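Q: This is the structure I want to talk about, given as structure tokens.
The values are calculated or read from the model by the stated rules, or taken from the named source; none is laboratory data. Just so it is clear, the model here is predicted, and its values are computed rather than measured. Positions of Cβ are generated from backbone atoms using ideal geometry, with glycine treated the same way; all protein chains shown enter the neighbour counts.
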Amino acid sequence: MEMKPVTEIINGIKKLNLKNKFDLVIGISRGGIVPAAIISLYLGLPLEIIKLNFRDDSQKPKFSAPRLLSSIDFDFEGKRVLLVDDRSNSGATLETAKKLLLKAESVKTLVINGKADYSLFEEGCFKMPWEI
């Protein structure tokens with residue numbers, strides 16, 4: 001399986017022109033943690049994690065719908081949120097997360113691969129450089 005170089009991903013993030021558009025970065029655990037951390041550092045914004053699960057490691061659905069694995073214990077109300085995941089296949093996890101964040105001022109989505117408000121690639125499945 002092809003792997004994208006981390007430099008290609010970082011350069012793609014820089015080209016998105018995200019500075020000054022958000023107050024908070026939220027990564028979707030597990031796959032969104034690393035890209036959310038990179039984006040949080042790049043934008044100089046706080047990072048929080050939301051624990052949702054839908055697919056297994058081979059990208060097959062584990063449940064009939066994404067499940068919240070633990071309660072959201074951070075403040076996002078009234079904030080402009082950038083919601084980050086590694087990939088979006090069906091969009092179900094992003095949509096579930098957005099519903100959980102309704103009290104935010106706004107929620108925009110970003111994925112490395114797939115469909116979202118911001119997307120670096122829309123290709124077949126590839127390995128992320130941080131997947132060991």
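Q: Which ones in the range 109-127 are at pLDDT 90 or above and either under 19 Å from VAL34 (Cβ atoms) or of a type in the set (S, T, N, Q) (or both)?
A: Answer for the range 109-127, where residues must be at pLDDT 90 or above and either under 19 Å from VAL34 (Cβ atoms) or of a type in the set (S, T, N, Q) (or both): THR109, LEU110, VAL111, ILE112, ASN113, GLY114, ALA116, TYR118, SER119, LEU120, PHE121.
Q: Return the total of residues in the range 62-117 being surrounded by fewer than 16 Cβ atoms within 10 Å (Cβ to Cβ), farther than 16 Å from LEU43 by Cβ and either small (Gly, Ala, Ser) or touching a His at 6+ places or on another chain (Cβ under 7 Å) (or both).
A: 7
A quick yes/no check of all residues on (1) assigned to a helix (DSSP H, G or I); (2) in contact with a Lys or Arg (Cβ under 7 Å, 6 or more places away or on another chain):
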{"position": "MET1", "(1), (2)": "no, yes"}
{"position": "LYS14", "(1), (2)": "yes, no"}
{"position": "LYS19", "(1), (2)": "no, no"}
{"position": "PHE22", "(1), (2)": "no, yes"}
{"position": "ILE28", "(1), (2)": "no, no"}
{"position": "ALA36", "(1), (2)": "yes, no"}
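Q: Which members of the range 16-75 meet the condition of being of a type in the set (Phe, Trp, Tyr), at pLDDT below 90 and under 16 Å from the mean Cα position of the chain (by Cα)?
A: Matches in the range 16-75: PHE54 only.
Q: A follow-up question, please. Conditions: (1) surrounded by fewer than 16 Cβ atoms within 10 Å (Cβ to Cβ); (2) of a type outside the set (A, V, I, L, M); (3) in contact (Cβ under 8 Å) with a residue 12 or more places away in the chain; (4) in contact with a helix residue (DSSP H, G or I) (Cβ under 9 Å, 6 or more places away or on another chain). GLY27 meets all but one. Number of the miss?
A: (1)
Q: Right, SER40: under 16 Å from LYS4 (Cβ atoms) and either among the small types (Gly, Ala, Ser) or surrounded by fewer than 16 Cβ atoms within 10 Å (Cβ to Cβ) (or both) or not?
A: Here the answer is no, as SER40 does not meet what is asked.
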